[in-house]
Amino acid sequence: MKHLCKLTSWAAIMLAVATLSSCTKEQSELSIDDIKGRATITGSLCYSKGQAFNNNQFEELLQPAAGVTVAIKIANSSLDPNGNAQGMTTYETTTDNEGKYSIQIPVVDNTQITIQPTSFIGQRTLVTDWNNNAPVFETEEVIFNITGMQETVSPGDIIAKDNMYSFTPRDFVEPFGEVETLNGKIGIGKLYQDNTQRYWDVQSGINVIVTVTYNYTEEGSDMVRTFGATTNALGEFSVNIPVKEKGETLKRLTIVPVSFYYSGFVHYTGVAKWEELDGVYELGGTYSGVYTNFTFPTIENITRIVYASMVFTGLDGTYTDYNWNNVEIWDTEEFNEE
């Protein structure tokens, strides 16, 4: 732990500590360490080196942020009963090999602090396109950073602050200091009976290309970034999106599931008559996966789900249906837009 204390006067803070014990030191010798109350700040930090594509699925390359300095900045005014003390007092610690850190700091009731991990430079692998049934990647040098985390603490508090680094391209001036998790779901169209009743089913292993258009520019044009994700058994996917601040509004967001071959689609040729078809699922139907001015929720426990849907086309042309706007029966997965 490294302690950086730069104070010009502790006359006001002496009033806060004088009631704790009789002070024999001269007033000019008092420091923040004379405050007896302690709070513990702990947590873990990680970052993503980008994405990989293994076994036909996207995966996030998460790494612990090892050896990173974490600064705990204490507002001197919050230690002063009169609020007159100037400046900040900073304590520092370093994350271990697992990205974990812990430090105790002196505090009084309702002390205002900022937890600020240091930034660092690294490389990140990004999705740029989908070609020949596989994603196209490129690697760029980025600055990994985290926006300072504000907290109010009192003696005896234990504050756990886990966080993931965001990233900013080196040629971009304004930093991305936050990460938003985008949650989505892909529905695939199915027939229930007699070609008249339809419902949305779900399937694991569907690859999804997520394209984000930000509300700011890069080199005179819209800043666009592409990410990959893969659905789980519930048809759900999630992907981390770097942003400047929580609750940000994106100019445009597109969710495009990658088309895939499917055998055994049940096609009804008449009452109680049916056949199985081979064909392809591709984007189409009720949910186009296009969102204009998409806004992330500002409250962390509120999730806004995004949707896209896919429809089946038989390879021999026996069955084709691009109009899934009048779905009458929904399955138990409750594939409904929130």
*Assuming 1.567 mPa s and 4 °C, estimate D for the range 180-314 with Stokes-Einstein, Rh taken as the Kirkwood radius over Cα pairs, in µm²/s.*
79 µm²/s
*What are the ³J(HN,Hα) values, in whole Hz, obtained from phi via the Karplus relation 6.51 cos²θ - 1.76 cosθ + 1.60 with θ = phi - 60°, for each residue of the range 92-108 in sequence order, with x given for Gly and Pro?*
10, 9, 10, 6, 8, 5, 9, x, 9, 9, 7, 7, 9, 10, x, 8, 10
*Rounded if a/c is under 1.5, else prolate if a/b beats b/c, else oblate: with a ≥ b ≥ c from the C-alpha gyration tensor eigenvalues square-rooted, which is the range 146-258?*
oblate
_THR139/ASP109 FRET efficiency (R0 56 Å; Cβ-Cβ; nearest 0.05)_ = 0.70
*For the range 174-191, just list the computed ³J(HN,Hα) in residue order, Karplus coefficients 6.51, -1.76 and 1.60, θ = phi - 60°, integers in Hz, with x standing in for Gly and Pro.*
7, x, 8, x, 10, 10, 10, 9, 8, 10, x, 8, 10, x, 10, x, 10, 9
_Ranking of ILE188, ILE113 by count of other Cβ atoms within 10 Å, fewest first_ = ILE188, ILE113
_Alpha carbon convex hull of the range 218-275, volume per residue in cubic angstrom_ = 194 Å³
*asked:* As an exercise, use a Förster radius of 25 Å and the Cβ-Cβ distance of LEU61 and GLU282 to find the FRET efficiency, rounded to the nearest 0.05.
replied: 0.30
*GLU98 to THR213: FRET efficiency via 1/(1 + (r/R0)^6), r the Cβ-Cβ distance, R0 25 Å, to the nearest 0.05?*
0.10
*Within 10 Å of each residue's Cβ, count the other Cβ atoms and sort ASP201, ASP80 from fewest upward.*
ASP201, ASP80
_Pairwise label distance in nanometres, LYS273 with ASN183, each label 7 Å out on the Cα-Cβ vector_ = 4.6 nm
*What ranking of MET223, MET164 emerges when the number of other C-beta atoms within 10 Å of each C-beta is taken as an exposure proxy, fewest first?*
MET223, MET164
*Which order do peptides 146-157, 247-258 fall in by mean Cβ count within 10 Å, highest first?*
247-258, 146-157
*Under the Karplus relation 6.51 cos²θ - 1.76 cosθ + 1.60, θ = phi - 60°, what is the ordered set of whole-Hz ³J(HN,Hα) values for the range 154-164, x standing for Gly and Pro?*
9, x, x, 5, 10, 10, 9, 10, 8, 7, 10
*Between ASP162 and SER238, 0.36 nm times their residue separation minus their Cα-Cα distance comes to what?*
25.5 nm
*asked:* I need the peptides 114-126, 234-246 ranked by packing, meaning the mean over residues of other C-beta atoms within 10 angstrom, with the highest value on top.
replied: 234-246, 114-126
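Rule-based calculations on the coordinates, nothing more; no lab input. Worth saying up front: this structure is predicted, and the values here are computed from it rather than measured. Note: ideal-geometry Cβ built from the backbone for every residue, glycine included; neighbour counts use all protein chains shown.
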